[in-house]
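All remarks here apply to the structure that follows.
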Amino acid sequence: MKRVVITGAGTVNALGLSVPATMEAMREGRCGISELNFRDVDRLAIKIGGQVHNWDAENRFNRQQIALYDRFTQFTLHAAKEAIGQSGLTFIGELAATSGVILGTSGGGLTTQDENYRVVYEEGKNRVHPFVVPKLMNNAACSHVSMEYNLKGPSFTVATACASSNHAMGQAFNMIRCGMATAMVTGGSESMLCFGGVKAWEGLRVMSKDACRPFSLNRNGMVQGEGATVFVFEDYDYAKARGADILAEVIGFAMTSDASDIVMPSKQGAARAISGAMKDAKINAEDIGYINAHGTGTAANDKTECAAVADALGHHADKVMMSSTKSMHGHLIGGTGAVELLACIMALRDGVIAPTINYEEPDPECALDVVPNEARDVPVDVVLSNAFAFGGLNAVLALRKAA
Amino acid sequence: MAENVKDKVIAIIAEQAVLDESDVSMDQSLEALGIDSLGLVESIFAIEEAFDITVPFNANEPEQSEFDISSVASIVAAVEKLVAEQTA
C-alpha cells in the first residue's frame, strides 16, 4: 500500500484568511466568534457565530464568477488556491488524469437557497436567476476546483453532516493508499451563516447564545462557524521524488455508524471509530500525543466524547492532550474536520498544541487534559482528529509527523 | 383561561406521547410519559406555536432553564406564567 502525505494546506475561517493567520490565532487562543452580521439577524434568537469578516466577494471574484459561486464555493476556491500553491503541483497529463477532488459539505449552497426562497416566497417574485441550481448544488465547490486546476480523476462531494470533511479526507487518503490516485485535493467547506441556516439550528435548542465552551461544566451549546479548509494529499513516493515539503503523513482512518439515534451521540460508536483509526494506523494508545476533539460544547457530545476516548485509549486517556478548536472558530459543520486538521498539523510540525478556550469550570464527566485556554509547546509524533455527526456517523483520522 | 392553558398543554403532550389526554396526569414527568429529548423539543415548539410565546429552553442546560419541565404540572404553570406575562 502507498503511504500518503499532506503537501499543501489552505483555509479561510473566522480566525483568518490563510493557514499562517489561522495557526497564529490558534497559538494565541484567539476567539473568532462575534456578533453575526447578515440580513434579518434581528429576527434570530442566536446572534453569534464564527463568521468570516472582510470577505468582500466583489473584490475577489468577477460578476460572472459570483453568479456561479455560492459563498461555500468562494471559500473553497480561496482555500484550494493556497493549498495547491503550497504543494507546488501543476496538474497536467498523467498527474491530472490520476488526481481528483473530494470535499465535504453539509449545507452546500444554503445561502443561495435562502436568498432565492426569500425572493419567490417573501418578495413574491416569479423568476430567479438562471444559475440557482448549479450555484446551490452540494458538488458545486468540488466541480469548480476541478475545473480551475484541471483535476480529472475521481471527484465527488461527501455529505455526512458534521463528519463530512473527515469522511471526505478519509476517502482521499484511501484512494491514494490503494493506488487509485496520485494526488487528491480534499477537505471541506460550509456557509450556513444566513437567516434560514441559523433559524433551522435554533429550532434544535442546542445553540449557545454567548460562547462555545467545550468540556467546561458551564458549557451551554454549540456556536456555528463558516469557512473552508483544503489540503493536497499526495502519494509519498511522488512527493518525495519531486522534493516536496511534507506537512504531515496521514496514517489511518476509520468510520463507524452508531445505528442508534438521529441526534444523540453514542459512546460505543465513537470509541469504535477511534479504535478503528488506531488499528488502521497500526499505532498503540501510548503513541498518541494529541487528539483534536469533536468538542462541540453541547452537554451531550462532550461527555460522550470523553467517555469514548477513555474507552479507546484506556489509561493513556489520562495523559493525552485533547482540545476543541471549535471554541475559537465555531462549528463549521461539513467543513469542521478540515479546519481542525490544521491544529493537528500545527501540533505535529510546530509542536504547538492549540487550546480549548473559554474553559471556565472543570466537568467531572470531561476529566481529560483539554489544554484549557492556553496553547502548549509539546512535541508530538502522532495525533488523531475526531468527527462525530448527527445521524451517528463517525470518522476519525490519524496523522504522523513527517519523517 | 387557566383551564384552557392546562387543557391545551395536556393535548400537546398527549399527542407527543401518543396517549389519550385522559392518560396524562399532572404529576407525571415527560420521561415517564415516554417523551425523549427530541419529543421534548417538539413539544416546546408546539407550545410556542399554540400560545404564540417564546419558551426560554436550552437543551444543554435544562435544569438551569427558567422553564421548569420536571412534570406536566410544572410545564402548565410555566406556560401560564409566560402567557400571563405576554398579555400583561
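Taking only pairs six or more apart or across chains, which ones have beta-carbon atoms under 9 Å, a first residue in the range A:124-139 that is free of Cβ contacts under 8 Å to residues at least 12 places away in the same chain, and a second residue that is not basic (Lys, Arg)?
So the pair list comes out as A:Lys125/A:Val119; A:Asn126/A:Val120; A:Arg127/A:Val119; A:Arg127/A:Val120; A:Pro130/A:Ala67.
Could you tell me whether the range A:222-234 includes any residue that is part of a strand (DSSP E or B), out of contact with any Phe, Trp or Tyr (no Cβ under 9 Å at 6 or more places or on another chain) and surrounded by fewer than 24 Cβ atoms within 10 Å (Cβ to Cβ)?
no
Determine, yes or no, whether A:Thr11 is touching a residue at least 24 places away in the same chain (Cβ under 8 Å), within 18 Å of A:Ile345 (Cα to Cα) and in a helix (DSSP H, G or I).
no
It is to be established whether one or more residues within the range A:8-18 are among the hydroxyl-bearing types (Ser, Thr, Tyr) and touching a helix residue (DSSP H, G or I) at 6+ places or on another chain (Cβ under 7 Å).
Yes.
With respect to A:Thr98, is the statement that it is surrounded by fewer than 24 Cβ atoms within 10 Å (Cβ to Cβ) and under 30 Å from A:Asn394 (Cβ atoms) true?
So A:Thr98 passes the test.
Name the single residue, out of those in the range A:186-218 being among the hydroxyl-bearing types (Ser, Thr, Tyr) and part of a loop (DSSP other than H, G, I, E, B), that is nearest to the chain's Cα centre (by Cα).
A:Ser191
How many residues are assigned to a helix (DSSP H, G or I) and either more than 22 Å from the chain's Cα centre (by Cα) or closer than 15 Å to A:Ala168 by Cα (or both) if we restrict to the range A:121-139?
Number satisfying all stated conditions: 5.
This table checks each residue for (1) closer than 24 Å to A:Val263 by Cβ; (2) surrounded by fewer than 17 Cβ atoms within 10 Å (Cβ to Cβ).
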| residue | (1), (2) |
| --- | --- |
| B:Ile13 | yes, no |
| B:Ser29 | yes, yes |
| B:Ile44 | yes, no |
| B:Val55 | yes, no |
| B:Asn58 | yes, no |
| B:Phe67 | yes, no |
| B:Val76 | no, no |
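Which one of these is away from every other protein chain (no Cβ under 14 Å) and buried (at least 17 other Cβ atoms within 10 Å of the Cβ): A:Ala211, A:Ala244?
A:Ala244
Can you tell me which residue is nearest to the other protein chains (Cβ to nearest Cβ) among those in the range A:247-303 that are part of a loop (DSSP other than H, G, I, E, B) and farther than 30 Å from A:Lys209 by Cα?
A:Ala259
From the list A:Gly203, A:Gly196, which residue is within 14 Å of chain B (Cβ to nearest Cβ) and in contact with a Phe, Trp or Tyr (Cβ under 8 Å, 6 or more places away or on another chain)?
Result: A:Gly203 is the single residue among A:Gly203, A:Gly196 that is within 14 Å of chain B (Cβ to nearest Cβ) and in contact with a Phe, Trp or Tyr (Cβ under 8 Å, 6 or more places away or on another chain).
A quick yes/no check of all residues on (1) at pLDDT 95 or above; (2) among the aliphatic types (A, V, I, L, M); (3) under 25 Å from A:Trp201 (Cα atoms):
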residue: B:Asp20; (1), (2), (3): yes, no, no
residue: B:Asp27; (1), (2), (3): yes, no, no
residue: B:Ile47; (1), (2), (3): yes, yes, yes
residue: B:Phe57; (1), (2), (3): no, no, yes
residue: B:Glu63; (1), (2), (3): no, no, yes
residue: B:Ala84; (1), (2), (3): no, yes, no
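Checking the condition among the acidic types (Asp, Glu) and out of contact with any Phe, Trp or Tyr (no Cβ under 9 Å at 6 or more places or on another chain), which residue from A:Asp302, A:Asp363, A:Asp311 passes?
A:Asp311
Restrict the check to the range B:78-87 and report whether at least one residue is away from every other protein chain (no Cβ under 14 Å) and part of a loop (DSSP other than H, G, I, E, B).
No, the conditions are met nowhere in the range B:78-87.
Does the range A:176-185 contain any residue that is more than 14 Å from every other protein chain (Cβ to nearest Cβ), part of a helix (DSSP H, G or I) and buried (at least 24 other Cβ atoms within 10 Å of the Cβ)?
Checked against the condition, which is being more than 14 Å from every other protein chain (Cβ to nearest Cβ), part of a helix (DSSP H, G or I) and buried (at least 24 other Cβ atoms within 10 Å of the Cβ), the range A:176-185 yields at least one hit.
Please work out if B:Ala50 is more than 14 Å from chain A (Cβ to nearest Cβ), free of Cβ contacts under 8 Å to residues at least 40 places away in the same chain, among the hydrophobic types (A, V, I, L, M, F, W, C) and not in a loop (DSSP other than H, G, I, E, B).
no
State yes or no: is A:Phe156 touching a strand residue (DSSP E or B) at 6+ places or on another chain (Cβ under 7 Å), among the aromatic types (Phe, Trp, Tyr) and within 18 Å of A:Thr7 (Cβ to Cβ)?
Considered against the rule, which asks whether it is touching a strand residue (DSSP E or B) at 6+ places or on another chain (Cβ under 7 Å), among the aromatic types (Phe, Trp, Tyr) and within 18 Å of A:Thr7 (Cβ to Cβ), A:Phe156 comes out as no.
The values are calculated or read from the model by the stated rules, or taken from the named source; none is laboratory data. A quick note: this is a predicted structure, and the numbers were derived from the prediction, not measured. Glycine also receives a Cβ, built like all others from the backbone with ideal geometry; neighbour counts cover every protein chain displayed.
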